[in-house]
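See below for the structure under consideration.
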Amino acid sequence: MKLNTRTIVAIGIGAAVFLVLNRFVSIPSGIPNTTINTAYAFLAFLAVLFGPIAGALVGFIDHALTDATAYGSIWWSWVIVSAFVGAIIGLAWKRIDIEKGIFGGKEILTFNIYQIVANAVGWGLLAPVLDIIIYAEPSDKVFLQGAVAGLANIVTIAVIGTIFLAIYAKTRTKTGSLSKES
Amino acid sequence: MSSVKMLSYIKRDTPVHNLCGVTKLVVFLAWTIVCMLSYDTRVLLVTLCFSLIIFKLARIRWREVRFVLAFIGFFLLLNDVAIYIFSPEEGVNIYGTRHVLFQFSSRYTVTKEQLFYLFNVTLKYLTVVPVALLFLITTDPSEFAASLSGIGITYRISYAVSITLRYIADIQNDFHNISQAQQARGVDLSKNVSLKKRISGIASIAVPLIFSSLERIDLISNAMDLRGFGKHKIRTWYSARPFKTADYIVLAGMVLFVLVGLYVTFHDGERFFNPFVP
């Protein structure tokens, strides 16, 4: 597999933007200690633009860097899940031709199905199972944690991720968008 | 907002700083893997002692890491409380015996096993911290990409990581400019406005940031293509350092450490150290 230069740069810059968004751009949701995080919406956006490999790598690099710089420690179980979620959402890249500026009802539906599946499997199943295997934590606790994280991400991506993609699609030129003046 | 602290490289001249980046990366990875696999109290305690010694050796000052340690201490406390609330007898399940010390209610008992289990969970999380901190503080970011490709990761991916590290500061600058410009125009992100307003406020900051970054991606990738990036199978790194005697010694020590650690943990077929079985 040969990554082209643009994808490599997209992974690098994307990871930096994710880090900044994760650190600064979060909205207090009203529930204490719970913020609505735009970073995952951005990860989903990037995955649709650049594909599954970019999605997985941005998820991986970012989660590892965020953990390391904020907590001084890396939770590999959740890092792996971030990479997984990025990769699965990235699979939607083949089905959504965002570069042609097409992002209507059908594409919004496709995007959201992919992201819901990715988050549900990733946070609802993979993260708790890895936590049990690695850290032997009680299953009730990790499944609840996973469910809360997954649900929060699904909602954020559904709202903010869709907005990002729609705005991006508007900036692309549609083929056949010119009409002949009579 | 600019007061948010991030851990980063601190330049010093110590034996730890002078090790080759590849060595440090390998040690860091091996260390975290042992800490993830093992649940053996003895292995974890010895590991923690070792990492504190290296900490001393790298001459990292207390105030440089204090804020992270406070943060992680709080997090671990919260995690222990959550585990206890969800499963007050998890330790009993794991160690197979039950020594009740006292009880709050019929569900919330306090057993020796549970206390020992919580101690182990905390220890397990804690053991990784000094090494991760050490790695972050003593590795020059520009050498890090060279180290990644040194352990066999393709240079394309190493280069992506290197771009990330290089551009975090620039993007943070962009973010501050955009954020201040939008706030000057009346965007409010505080709790004083409705959730809907906050979301649209966030979008008004995030969207320009994302689009300026997409432009940056095109700019940088064009520049790299023009300079022939990706033409060859391998590339060399300006900041790569050659292996020295110290590196070989550290790596050999690490191999020994991993083997002993895993042997002690798994020799009885269990990853838990059980002091309750007579």
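Worth a mention:
- Test for residue B:148: is it in contact (Cβ under 8 Å) with a residue 40 or more places away in the chain, aliphatic (A, V, I, L, M) and more than 10 Å from chain A (Cβ to nearest Cβ): yes
- Taking (1) closer than 30 Å to residue B:158 by Cα; (2) within 7 Å of chain A (Cβ to nearest Cβ); (3) not in a helix (DSSP H, G or I) in turn, residue B:191 satisfies each apart from (1).
- Identity of the residue in the range A:34-74, outside any helix (DSSP H, G or I) and either at the interface with another protein chain (Cβ under 9 Å from one of its Cβ atoms) or touching a His at 6+ places or on another chain (Cβ under 7 Å) (or both), that ends up surrounded by the most Cβ atoms within 10 Å (Cβ to Cβ): A:38
- Restricting attention to the range B:63-105 and to residues that are of a type in the set (S, T, N, Q) and in contact with an Asp or Glu (Cβ under 7 Å, 6 or more places away or on another chain), the residue that is surrounded by the most Cβ atoms within 10 Å (Cβ to Cβ) turns out to be B:87.
- Close Cβ contacts (under 7 Å, 6 or more residues apart or on different chains) running from residues in the range A:105-116 that are surrounded by fewer than 20 Cβ atoms within 10 Å (Cβ to Cβ) to residues that are of a type in the set (D, E, K, R) comprise A:110/A:95.
- When restricted to residues that are more than 17 Å from the chain's Cα centre (by Cα) and either in contact (Cβ under 8 Å) with a residue 24 or more places away in the chain or within 12 Å of chain A (Cβ to nearest Cβ) (or both), the range B:61-78 contains 1.
- Number of residues in the range A:1-33 that are more than 7 Å from chain B (Cβ to nearest Cβ), more than 17 Å from residue A:65 (Cα to Cα) and at pLDDT 80 or above equals 2.
The values are calculated or read from the model by the stated rules, or taken from the named source; none is laboratory data. The model shown is predicted, which means the values in this text are computed figures rather than measured ones. Positions of Cβ are backbone-derived with ideal geometry, glycine not excepted, and every protein chain shown enters the neighbour counts.
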